[in-house]
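Participant: Could you have a look at this structure, given as structure tokens, before my questions?
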Amino acid sequence: QVQLVESGGGLVQAGGSLRLSCAASGRTFSIYAMGWFRQAPGEERESVASITWNGGVTEYADSVKGRFTISRDNAKDTAYLQMNSLKPEDTAVYYCAARATQWMSRRIADYNYWGQGTQVTVSS
């Protein structure tokens, strides 16, 4: 069992930056691939970024490529999402998720554990 807690969300103006953190507890964090997802009001949850167990491979949604960076620090049992050049359309609740395998996925159904989410609001 893995517990995930996101933090770092908030209100920011367009063009600004935020850094989300996802602190994990429970089983060994390093054996899990991690993903960040988001869900805007009235929309389906979508993949934002994902990373393998050792951080060696990352993947991004086209809408955030070049602006967002996913990373992890296995010594701190924490994953991060650095978000730069934020746009109003990035407004959503952001969730981190852990997958009980070393390879990442962009599919929601592939993730075993989820955090409670953190709100990101980008004003124009």
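Values quoted throughout were computed directly from the atomic coordinates according to the rules given, and no laboratory measurement underlies them. Because the structure is a prediction, the values reported are computed rather than measured. Heads up, the Cβs are rebuilt from the backbone with ideal geometry, glycines too, and the neighbour counts pull from every protein chain shown.
Participant: Output the peptides 79-86, 67-74 sorted from most to least packed, where packing is the average of other Cβ atoms within 10 Å over each peptide's residues.
Facilitator: Details: 79-86: 21.0, 67-74: 17.9.
Top to bottom by mean Cβ count within 10 Å: 79-86, 67-74.
Participant: If I stretch the segment between GLN102 and LYS87 completely, what's the gain in nm (0.36 nm per residue apart, minus their alpha carbon distance), one decimal?
Facilitator: Gain in length upon complete extension: 2.3 nm.
Participant: Using only alpha-carbon positions, what ratio does the radius of gyration of segment 23-73 give when scaled by 2.2 N^0.38 Å? Walk me through the numbers before you get to the answer.
Facilitator: On the way: Rg = 12.3 Å, N = 51, 2.2 N^0.38 = 9.8 Å.
Output field value: 1.25.
Participant: What is the distance, in nm, between label points placed 7 Å from the Cα along the Cα-to-Cβ direction at ALA109 and at GLN39?
Facilitator: 1.7
Participant: Expressed as a fraction of 2.2 N^0.38 Å, the rule-of-thumb size for a compact globular protein of N residues, what is the C-alpha radius of gyration of segment 59-124?
Facilitator: On the way: Rg = 12.9 Å, N = 66, 2.2 N^0.38 = 10.8 Å.
In units of the 2.2 N^0.38 Å rule of thumb, it is 1.19.
Participant: Another one. If I take the Cα coordinates of the chain and project them onto the principal axes, what are the three extents in Å, biggest first?
Facilitator: 40, 27, 23
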